[in-house]
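What follows is one structure encoded as structure tokens, with my remarks underneath.
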Amino acid sequence: MKVLIQNGTVVRSDGTEKADILADNGVIVRIAPKIACEADKTVDASGCYVFAGFIDTHTHLDLELTSTTTADDFETGTKAAVVGGTTTVLDFATQDRGMTMQDALDKWHRKADGKSSCNYGFHMAVSEWNEDRKAEVDSMIGQGVTSFKMYMVYPAMRVNDGQIYDAIRYAAERDCLVGVHCENFDLLNARIKELHAEGRFEPMAHADSRPDIVEAEGVARLMRIAELADAPAWVVHLSCEASLDEVEAARGRGVEVYAETCPQYLTLDKACYAQPDGEKFIMSPPLRLAHDRSAILNGMSDGMIDFIGTDHCSFTMAQKALGNGDFADVPNGGAGIQNRAELVYTYAVKAGYITLEQMAALLSENAAKLFGMYPKKGVLQEGSDADITVFDPDCPHTISWKTNLHNVDNSPYEDVPVLGGTKDVLVNGELVVENGKLIKPYCGRFVFRGPSTRTRK
Ligand SMILES: [Zn+2]
């Protein structure tokens, strides 16, 4: 199958150019100012930007929690992702206590294989770190899983500082990254107790139970752990200025740290919790203050932030109601897998914080390098995989759960206006989204990843 993309502006991290792109048999075979050839399909990208397909570094599809299972599975979640321009998601396969990493990986393949409309890889989230789990790491690498995650919070998942120390050292020797959910478990529980004693159960109390200091303490601790281990660390879903300060200070000491943020932390703030459906914004870390939003945007601008994932972890309002009016029992997470590029384009590029080239780096290239997919993914060049997103910068619309393909009846971005949107998408050389509509589902494949290209090493 030959697909020709004509008349677009090709965007890479190091510049833009007017060029046509020819994809054949899943691979980019030619990029040139004008390509004349017979193709099976021709895409007119006039007036549009052409990016290497976007990579979402942080999704939770078909994840069972103690109370319920996320509303989106790989079937619905990857359809939403690809319509939003994301051609690869990195989902967290999750090793629950009592199961092996291999059990978790097999389980995630069963969830995703044959059901995915964009490509997918897995990080391995571990709830235990001991000699048995450690012995599985090389086997995971041998199966294309080269990144891991640990939690400082959640009783079912949390590990201790010594385990994080040992894991990041062990992973570093193999050029694998370990992401850590940084929050102080004891502090946030003490706050929840205080707030409950004051009669506070409403969604706003969620933000008050885990303010920026609770996250920044976890980040500061991870930075010191990484410094002692002489190993890299990846801070997942960094949300606030205080955490960025800790990252900056650590980098000043020579610590190799990679920072991920999410669209919600650059577009929404704490005031959302006062809305009548405030439960839908209950996620951790919580939405922050205006100064945090600015700090995140400036951090994207000045290169402090390395990549942007959605932390898509969706629940219906009925699932959110499982909290029975107590913020501490509401399932944590929100839907966003479809909306990342249009939000970043509108609120970071058009708002003047970052360039189009930085958008290409933050949404695709940096993740491809750090998670062992470059240069097959993350860049438009001859020989790379034909995962391509044609983005129309001039199609103003308003985000709504009614038009999103997410399998939920709510969106944290309901009624949020955006200026551009995804027009066409190629996954593995197949035109799967045409003029904003999914025309060919289930073209996603498992991405077998290699070692990290540690860009800050
Ligand atoms: Zn997450």
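Any read-out appearing in this document is the output of simple, stated calculations on the displayed coordinates, not a laboratory observation. As the structure is a computational prediction, the values presented were derived from the model and not from experiment. Every residue, glycine among them, receives a Cβ derived from its backbone with ideal geometry; neighbour counts consider all protein chains shown.
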How big, in percent, is the set of alpha carbon pairs in the chain lying more than 39 Å apart? 15 percent
What angle do you read, to the nearest 10 degrees and between 0 and 90, between the alpha-carbon axis of helix 101-112 and the longest principal axis of the chain? 50 degrees
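Can you give the extra length, in nm with one decimal, that the chain gains between GLU414 and ALA271 once fully stretched, where that is 0.36 nm per residue apart less the Cα-Cα distance? Present the calculation step by step, with values, prior to reporting the outcome.
Numbers: separation 143, 0.36 × 143 = 51.48 nm, distance 1.45 nm.
Result for the pair: 50.0 nm of gain on full extension.
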Using DSSP to define loop residues, name the GluC sites (Glu not before Pro) in segment 336-396 whose beta-carbon has at most 11 other beta-carbon atoms within 10 Å. none
Quick check: from the Cα gyration tensor, does segment 330-379 come out rounded (a/c under 1.5), prolate or oblate? oblate
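My understanding is that a pair violates if its Cα-Cα distance is over 25 Å; which of LYS149/LYS402; LYS79/LYS107; LYS149/LYS350; LYS149/LYS193; LYS377/LYS402; LYS18/LYS376 do that in this structure?
Working: LYS149/LYS402 33 Å; LYS79/LYS107 20 Å; LYS149/LYS350 33 Å; LYS149/LYS193 28 Å; LYS377/LYS402 32 Å; LYS18/LYS376 22 Å.
Violating the 25 Å limit, Cα to Cα: LYS149/LYS402; LYS149/LYS350; LYS149/LYS193; LYS377/LYS402.
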Taking a ≥ b ≥ c as the square roots of the eigenvalues of the Cα gyration tensor, with a/c under 1.5 meaning rounded and otherwise prolate when a/b exceeds b/c and oblate if not, segment 355-457 is prolate
Between helix 212-229 and the chain: long-axis angle, C-alpha atoms, 0 to 90°, nearest 10: 80 degrees
How long is the gain from ALA156 to ASN7 if the chain were fully straight, where each residue apart is worth 0.36 nm and the alpha carbon distance is subtracted? 48.5 nm
Amide H within-cut-off set for THR94, under 5 Å, with H built and near neighbours excluded: ALA125
Evaluate E = 1/(1 + (r/R0)^6) for THR68 and ALA32, where r is the Cβ-Cβ distance and R0 equals 35 Å; express this FRET efficiency to the nearest 0.05. 0.10
Label model pair ALA190, PHE448: point-to-point distance (7 angstrom along the Cα→beta-carbon line) in nm is 5.0 nm
Enumerate the calculated ³J(HN,Hα) couplings along segment 312-326 in order (Karplus 6.51 cos²θ - 1.76 cosθ + 1.60, θ = phi - 60°), each rounded to whole Hz, writing x wherever the residue is Gly or Pro. 4, 8, 9, 9, 6, 5, 5, 5, 4, 6, 4, x, 6, x, 10
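For segment 360-420, what does the alpha-carbon gyration tensor say about shape, rounded, prolate or oblate, given a ≥ b ≥ c as the root eigenvalues, a/c under 1.5 as rounded, and a/b over b/c as prolate? Numbers along the way, then the final one.
Working: a/c = 2.84, a/b = 2.06, b/c = 1.38.
Note, shape of segment 360-420 comes out prolate.
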Rounded to 10°, Cα long-axis angle of helix 185-197 versus longest principal axis of the chain: 70 degrees
Which whole-Hz ³J(HN,Hα) couplings does segment 137-153 yield from phi under the Karplus relation 6.51 cos²θ - 1.76 cosθ + 1.60, θ = phi - 60°, glycine and proline marked x? 4, 5, 5, 4, 4, x, 10, x, 10, 10, 9, 9, 9, 10, 10, 8, 10
Using a basic spin-label model with each label point 7 Å from the Cα along Cα→Cβ, how many nm lie between ASN324 and GLU434? 5.2 nm
For VAL433, distant residues with modelled amide H under 5 Å away: VAL425, ILE439
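Dipole magnitude of segment 56-370 about its Cα centre, charges +1 at Lys/Arg Cβ and -1 at Asp/Glu Cβ only, in debye to the nearest 20?
Values: 28 positive and 49 negative charges, 74 e Å.
Charge dipole of segment 56-370: 360 debye, to the nearest 20.
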Roughly how many nanometres apart are two label points built 7 Å out from the Cα toward the Cβ at ASP302 and LYS402? 4.3 nm
For GLY121, residues with placed amide H under 5 Å, excluding near neighbours: VAL89, LEU90, ASP91, VAL447
